[in-house]
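The values are calculated or read from the model by the stated rules, or taken from the named source; none is laboratory data. Since the structure is predicted, the reported quantities are computational estimates derived from the model, not experimental observations. With ideal geometry, Cβ positions are generated from the backbone for all residues, glycine too; neighbour counts draw on all protein chains shown.
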Amino acid sequence: MLKELILKNRSCRGYAQTPRPTEEELKELADCARLCPSASNRQPLRCRLVNDQAECVALQAATRWGGALRELHLPYPGTEATAFLVLCYDSASAKDSPMLRIDTGIAAQTVLLRATEMGYSGLMIAAFEPDGVKRALTLPEGFEPVLVIALGKGAETIVLEDRADGEERAYWRDEKGVHHVPKVPLEKFIIR
Ligand SMILES: Cc1cc2nc3c(=O)[nH]c(=O)nc-3n(C[C@H](O)[C@H](O)[C@H](O)COP(=O)(O)O)c2cc1C
C-alpha cells in the first residue's frame with residue numbers, strides 16, 4: 001500500500017554498513033526519478049549514482065545532517081550512508097528556477113518511496129557545500145548539484161506524532177535514542 005510506504009519513509013540519519021545498495025539498485029532508483037513529471041516536460045535533472053566507498057566518505061563530509069540536533073553530530077561514526085543519489089542540472093542547458101526545485105522534490109520523494117519499497121531508507125539533504133560535492137564526485141563541467149539523497153539500510157527507530165498546539169515543530173530524540181517527528185495534525189492541516 002502506498003500509504004504504508006509514505007508512513008515508513010522517514011528521514012534516516014543512521015545506517016547499517018551492510019547491505020549496501022548495489023549499482024543496479026541505484027540505477028532502478030535513478031529510473032524512477034527519470035520517469036517523474038517535470039514542468040513543461042523540460043526534464044532538467046540528471047542523476048549521479050554514488051556507491052564507491054571513497055566517494056561516499058567524501059560526499060558524506062560535504063553534507064550536514066540533523067541541523068535541529070546539531071549537538072549530536074549525526075550521523076554517529078560507523079552509521080554513515082552507504083550510497084547516495086545526487087540530483088543535478090546542467091547549467092549550460094538549464095537554469096536554477098522554482099520549477100526546477102519543484103521537479104527536484106517530486107523526483108526525490110519518488111526515489112525515496114521506491115527505496116523504502118526495496119527495504120532501504122534515505123534522507124534528502126539540501127544542506128551541502130556545492131563545491132565540496134563537486135570535488136567529492138568530480139562532476140562533469142557545468143553540472144550543479146541541487147539535492148543530495150543519502151541511502152542505505154536504516155538503523156534508526158523513528159516515530160511520527162501529531163504536534164500539540166504551540167509545540168515546537170523540530171524533530172527530537174528521547175533518552176533511548178528514538179527519533180520523534182512531530183507533524184501538523186490533519187484537522188489543522190486542512191483549512192476551511
Ligand atoms: C527539501 C528538503 C531538504 C532537507 N535537507 C536536509 C538536510 O540538509 N539535512 C538533514 O539532516 N535533513 C534534511 N531534510 C530532512 C528533514 O529534516 C525531514 O524531512 C523532517 O525533519 C521531517 O522528517 P520526515 O522526513 O521523517 O518526515 C530535508 C528535507 C527536505 C524535504
**Message:** Can you tell me which residue is farthest from A127 (Cα to Cα) among those in the stretch 31-48 that are buried (at least 19 other Cβ atoms within 10 Å of the Cβ) and of a type in the set (A, V, I, L, M)?
**Reply:** A33
**Single unsatisfied condition, D96 versus (1) over 30 Å from K176 (Cβ atoms); (2) within 11 Å of the ligand (Cβ to nearest atom)** = (2)
**Asked** Looking at the stretch 3-22, which of its residues are closer than 19 Å to A107 by Cβ and more than 16 Å from the ligand (Cβ to nearest atom)?
**Response** P21
**Item:** Top-ranked residue in the stretch 117-130 [being away from the ligand (no atom under 11 Å from the Cβ) and outside any loop (DSSP other than H, G, I, E, B); ranked as modelled with the highest pLDDT]
**Value:** E117
**Fill in**
Within the stretch 52-77, residues being surrounded by fewer than 19 Cβ atoms within 10 Å (Cβ to Cβ), part of a loop (DSSP other than H, G, I, E, B) and in contact (Cβ under 8 Å) with a residue 24 or more places away in the chain number 2
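Limited to the stretch 73-86, what total is found for residues that are within 15 Å of the ligand (Cβ to nearest atom) and either out of contact with any Asp or Glu (no Cβ under 9 Å at 6 or more places or on another chain) or not hydrophobic (A, V, I, L, M, F, W, C) (or both)?
Kept after step one, since they are within 15 Å of the ligand (Cβ to nearest atom), are these residues of the stretch 73-86: 73-76, 79-81, 84-86.
Cutting the leftovers down to either out of contact with any Asp or Glu (no Cβ under 9 Å at 6 or more places or on another chain) or not hydrophobic (A, V, I, L, M, F, W, C) (or both) gives us 73-76, 79-81, 85-86.
So the count comes out to 9.
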**Fill in**
Of the candidates A155, A164, the one satisfying the condition of being more than 16 Å from the ligand (Cβ to nearest atom) and of a type in the set (A, V, I, L, M, F, W, C) is A164
